[in-house]
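Down below is the structure, laid out as structure tokens.
The values are calculated or read from the model by the stated rules, or taken from the named source; none is laboratory data. Since we're looking at a predicted model, the values are computed, not measured. Cβ placement follows ideal geometry from the backbone for every residue including glycine, while neighbour counts extend to all protein chains displayed.
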Amino acid sequence: MTFDEIRQRLGKKTVGIAGCGGLGSNCAVALARVGTGTLILADFDNVSRDNLNRQYFFIDQVGKPKAEMLRDNILRIGQGSKVIVHNTTLTAENIPEIFRSCDVIVEAFDMAEQKQLLIETVLSELPEKPLVTGLGMAGWGISDSLHVRQSGNLYICGDEVSEIGPDLPPIAPRVGIVANMQANVVLEILLNDM
């Protein structure tokens, strides 16, 4: 399949991204670069200086809403993706409404409680939707521990064990690898579903 054929197919698809931080911002940019038709971005947070070490933002965006700034950055790439922004905290009530039109949903949260809420809500309320999650990307090195595991419509990207903490922070290389693994899984799902 040529790149033009890939772009043509992806141009008709919608991907939802829950969380616009390290995983979400890098995954969204990768999907925009290959021509994904519509990206639905949801995040309640603002860009902070601490985010710049691993998230797709710039110094002049500090203090501004992540979802809006990510939309602006994606539009600057100029590949034609439509970007829909939700500056909101995701809840069990609004997750189905926000992501119902998506062909695939990407979970890209930092906090375990948010991850669990999104996974449980999607699996119960939108069980037909493939859900690509990131789990275990803290620290550096040990790249061969990163993998993709599928369980039904749930795809888990990461090492599934390295939890973020003071002595094991999220750093751009491993976070970026997992974000791009997520984007790659999304492409596998969308391009094989033809």
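Structure above, values below:
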| item | result |
| --- | --- |
| Members of region 34-64 found to be part of a loop (DSSP other than H, G, I, E, B), touching a Ser or Thr at 6+ places or on another chain (Cβ under 8 Å) and among the polar types (S, T, N, Q), listed by number | 36, 55 |
| Looking only at region 1-33, and only at residues there that are assigned to a loop (DSSP other than H, G, I, E, B) and touching a helix residue (DSSP H, G or I) at 6+ places or on another chain (Cβ under 6 Å), the one that is farthest from residue 90 (Cα to Cα) | 13 |
| Some residue of region 65-78 being part of a strand (DSSP E or B) and surrounded by 14 or more Cβ atoms within 10 Å (Cβ to Cβ) | yes |
| Looking only at region 177-194, and only at residues there that are in contact with a helix residue (DSSP H, G or I) (Cβ under 9 Å, 6 or more places away or on another chain) and either among the β-branched types (Val, Ile, Thr) or at pLDDT below 95 (or both), the one that is nearest to residue 102 (Cα to Cα) | 186 |
| Residue identified as closer than 28 Å to residue 3 by Cβ and in contact (Cβ under 8 Å) with a residue 60 or more places away in the chain among 108, 32 | 108 |
| Failed condition for residue 21, given (1) farther than 17 Å from residue 185 by Cβ; (2) touching a Leu at 6+ places or on another chain (Cβ under 7 Å) | (2) |
| Count of region 54-92 residues which are out of contact with any helix residue (DSSP H, G or I) (no Cβ under 6 Å at 6 or more places or on another chain) and at negative phi | 19 |
| Test: residue in region 127-136 that is touching a Cys at 6+ places or on another chain (Cβ under 6 Å), in a strand (DSSP E or B) and of a type outside the set (A, V, I, L, M) | yes |
| Pairs, first over 15 Å from residue 131 (Cα atoms) in region 87-100, second aromatic (Phe, Trp, Tyr) and in a loop (DSSP other than H, G, I, E, B), C-beta under 9 Å, six or more apart | 87/44; 88/44; 89/44; 90/44; 90/109 |
| Test: residue 129 is at pLDDT below 95, surrounded by 15 or more Cβ atoms within 10 Å (Cβ to Cβ), in contact with a strand residue (DSSP E or B) (Cβ under 9 Å, 6 or more places away or on another chain) and of a type in the set (D, E, K, R) | no |
| Tally, over region 83-109, of residues that are at pLDDT 95 or above, outside any helix (DSSP H, G or I) and surrounded by 15 or more Cβ atoms within 10 Å (Cβ to Cβ) | 13 |
| Hits in region 137-157 (condition: in a strand (DSSP E or B), surrounded by 17 or more Cβ atoms within 10 Å (Cβ to Cβ) and among the aliphatic types (A, V, I, L, M)) | 156 |
